[in-house]
1. How much length is gained on full extension from GLU108 to ARG84, taking 0.36 nm per residue of separation minus their Cα-Cα distance?
2. Just need the Rg to Rh number for region 8-79, please, alpha carbons only, Kirkwood Rh.
3. Show me, bin by bin at 5 Å from 0, the whole-percent P(r) of region 61-177 based on Cα pairs.
4. Give me the number: length gained by fully extending ALA58 to ASN101, i.e. 0.36 nm times residue separation minus the C-alpha to C-alpha distance, one decimal in nm.
Amino acid sequence: MSQPSLRAQDVLVLAKLVSYRGKRPPMAQIGADLSLSSSQIHSSLKRLEKSRLIAAGADRGRPLLGPVQEFLVHGVKYAFPAQRGEITRGIPTAHAAPPLNEHITDSELPPVWPSPEGNVRGLTFEPLHKMVPGAALKDPVLYELLALVDAFRDGRARERQLAERELASRLRKLLHE
């Protein structure tokens, strides 16, 4: 039997589960919110459960605060390293997006997820999954979570420290722990 590996879409699904404040809606709703099929959502939930990032049993699908925080802060950057590219139009991420943009100013071009819906010119920062920009535009809470994850994927030490503090605060608030 092969060991299931997390995929980038699983991080997107995990962040969306957190944005629901720990209450898992039907798979069809998650799929519609992320523009993913129900089968993709089902597979992601199975991998997240096997990875012990979401609860099984009575609390099935509820993100587990400690493991989620540890994985996002320390694991994502190794499993899904950032890929930067050329100048493009897009949606700001990492330190150029809320909430970190309130604390960090940078004279360089900001990192952006390429998107025709974006209104900022910056350096391409490949999102975890191709559906990230669209999903983030529909949900400000999800947008902040994904931007914080990107700060871990490619941020400098100060950015990562601020991101860790912001993420911990949001996870406690959203998951009521």
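1. Full extension from GLU108 to ARG84 adds 7.3 nm.
2. 0.93
3. Spelled out bin by bin, region 61-177 gives 2, 12, 23, 26, 21, 10, 4, 1, 0 percent.
4. Details: separation 43, 0.36 × 43 = 15.48 nm, distance 3.87 nm.
That works out to 11.6 nm of additional length.
Just so you know, all these numbers are worked out from the coordinates, no wet-lab data involved. Since we're looking at a predicted model, the values are computed, not measured.
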